[in-house]
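The values are calculated or read from the model by the stated rules, or taken from the named source; none is laboratory data. A quick note: this is a predicted structure, and the numbers were derived from the prediction, not measured. Neighbour counts run over all protein chains shown; Cβ positions are idealised from the backbone, glycine included. For the accessible areas, the whole protein counts, side chains as well, though only heavy atoms, and no ligand, DNA or RNA atoms are used. Shrake-Rupley method; radii C 1.70, N 1.55, O 1.52, S 1.80 Å.
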Amino acid sequence: MRTKIILAGGSGFLGSVLSEYLATKDLEVVILTRRPKTRGGPVREVHWDGANLEDWRAELEGARALINLAGVSVNCRYHARNRRRMLDSRLSSTRVLGEALGQCRNPPPVWLNSSTATIYRHTFGPAWDEEGVIGGCAEAKDAFSVHIATEWERVFNEAPTPLTRKVALRSAMVLGHAGNSVLPNLLRLSRLGLGGTLAGGRQFVSWIHQEDFVRAVAWILDHEELAGPVNLAAPNPVTNTEFMSVIRRVCRAPFGLPSPRWLLEIGAFLLRTETELVIKSRRVVPGKLLAGDFVFRYPRLPAAIKALCLRAAPVPPDVGA
Ligand SMILES: NC(=O)c1ccc[n+]([C@@H]2O[C@H](COP(=O)([O-])OP(=O)(O)OC[C@H]3O[C@@H](n4cnc5c(N)ncnc54)[C@H](OP(=O)(O)O)[C@@H]3O)[C@@H](O)[C@H]2O)c1
C-alpha cells in the first residue's frame, strides 16, 4: 500500500493545512521546498528549487500522489517583475514535475496541480461549473490572472504522464484561520471600521472553508474516475455585500465604511496589492464534486466563518448559521 504523498510548494498556507490533515490519516508527507527545515513526525521537508531536476526526483518513486501548490503569492502589485515571478514560479514548477514523473519507473498514479477559479469569466449571470466560460474582461482587470491560469493548465495538460491521472484544482478563495490566509486580515480591517461593501458590492465572491478544501482533495485522490479540471468552491457563492456583512457581524463591527472603486485603487496601491482580487465577480460552483457523492461540511458562508473564528478566538462570534 502506497503511503507517501508529495506536496510540492507545501510549506505555505494550503500546504500546512493539507499536511496536517494527511498526517492524521497515517500518511507520510514529503514537502518540496526551497528552504527545508528539520521536523519530527510524519512530515519531512526536502530541497528543490522549483525549476530543475535534482535529487528530489527520487522521492516521487512509488509515492501515492503528487500535489503541486507552488507559486509566488498573487497578493502583490502586478508590475513587470512581479508578473514574471508569478508566472515563472507556476510554469517552471509544473514543467519540472512533469519531467520528473516522466523519468519515474514507478510514478504516483495521480497528480493534482493547483489552478484557480479565477480562470472563469467575470460574471453576474449563472454560476460557472467546470464547463464555464474561460477568459478575462476589461471591467474586471483580470487579463493577466487569466493568462497565468490558462498557461499553468496548458503546461500541466501537456506533460506526458501516461501512467498518472491529472486533475487541475480550480480553487476559489480558501478561508482559513491561520495568519497567512485572507480571513484574519479581513476581520482586522473590519474591526477598524473598514469592513464595508467594496466596489458597489454586487460582485460575487466564491470561497471554500479550509476543511472542505482538504476533504475535497482527499476525495479526488480516492476517486480514480476523475480527471481534468475540478472546481474547489462551496456550492453557495455570495455577493460582496453579503460577504462583508457576515464579516462585520462576526466582528461585531457596528458599521463598515463602503469603499468605491476609486478609493480601492488608492488603497490597493498603498497596500501593494491589486483591486482585481476584490472587484472581479467570481461565481463558481463545484459541478464535479456535487455530481459525485462529496458532502460539504460548510456549504454556507456564515457557518463557515463562525467555525473558523471559534477555532481562532476564544470569544464566540455573534453570527447565525
Ligand atoms: N490560498 C488560496 O485561497 C488559493 C486559491 C486559489 C489558488 N491558490 C493557489 O494554490 C497554491 C498554494 O496557495 P497558498 O495559499 O498555500 O500559497 P502560499 O502560502 O503563498 O504558498 C505557496 C508556496 O509556493 C512556494 N513558492 C513560492 N515561490 C516559489 C518559486 N519561485 N518556486 C517554487 N516554489 C515557490 C513556497 O514554498 P517555499 O518558499 O517553501 O519554496 C510556498 O510555500 C498557489 O499556487 C496559489 O496560487 C490558492
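Below are the figures for this structure:
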read-out	value
The range 101-160 - residue that is among the basic types (Lys, Arg) and either at pLDDT 95 or above or touching a strand residue (DSSP E or B) at 6+ places or on another chain (Cβ under 9 Å) (or both) and, of those, surrounded by the fewest Cβ atoms within 10 Å (Cβ to Cβ)	105
Any hit, the range 240-253, residues being out of contact with any Asp or Glu (no Cβ under 6 Å at 6 or more places or on another chain), farther than 30 Å from residue 25 by Cα, among the β-branched types (Val, Ile, Thr) and free of Cβ contacts under 8 Å to residues at least 60 places away in the same chain	yes
Members of the range 185-214 that are part of a helix (DSSP H, G or I) and under 14 Å from residue 249 (Cα atoms)	186, 187, 188, 189, 190, 191
Tally of residues being in a loop (DSSP other than H, G, I, E, B) and under 18 Å from the mean Cα position of the chain (by Cα) across the range 152-181	7
First in the range 74-100 and over 16 Å from residue 151 (Cβ atoms), second anywhere and surrounded by 17 or more Cβ atoms within 10 Å (Cβ to Cβ) and among the acidic types (Asp, Glu), Cβ under 7 Å, 6 or more apart	77/274
Residue within the range 186-201 that is within 13 Å of the ligand (Cβ to nearest atom) and either at pLDDT below 95 or under 23 Å from residue 132 (Cβ atoms) (or both) present	yes
Test: residue 151 is among the acidic types (Asp, Glu), touching a residue at least 12 places away in the same chain (Cβ under 8 Å) and within 15 Å of the ligand (Cβ to nearest atom)	yes
Given (1) closer than 22 Å to residue 174 by Cα; (2) more than 17 Å from the chain's Cα centre (by Cα); (3) within 8 Å of the ligand (Cβ to nearest atom), index of the condition residue 74 fails	(2)
Wholly enclosed strands (runs of 3 or more DSSP E) of the range 1-91 bearing at least 1 residues open to solvent by 10 Å² or more (accessible area, probe 1.4 Å) and not β-branched (Val, Ile, Thr)	4-8, 28-33, 43-47
So residue 149, is it assigned to a loop (DSSP other than H, G, I, E, B) and either within 18 Å of the chain's Cα centre (by Cα) or not basic (Lys, Arg) (or both)	no
Residue, nearest to residue 6 (Cα to Cα), within the range 92-121, restricted to residues that are near the ligand (Cβ under 9 Å from one of its atoms) and not in a strand (DSSP E or B)	93
Scope the range 174-185; condition within 12 Å of the ligand (Cβ to nearest atom) and either closer than 14 Å to residue 307 by Cα or buried (at least 20 other Cβ atoms within 10 Å of the Cβ) (or both); matching residues	174, 175, 176, 178, 181, 183
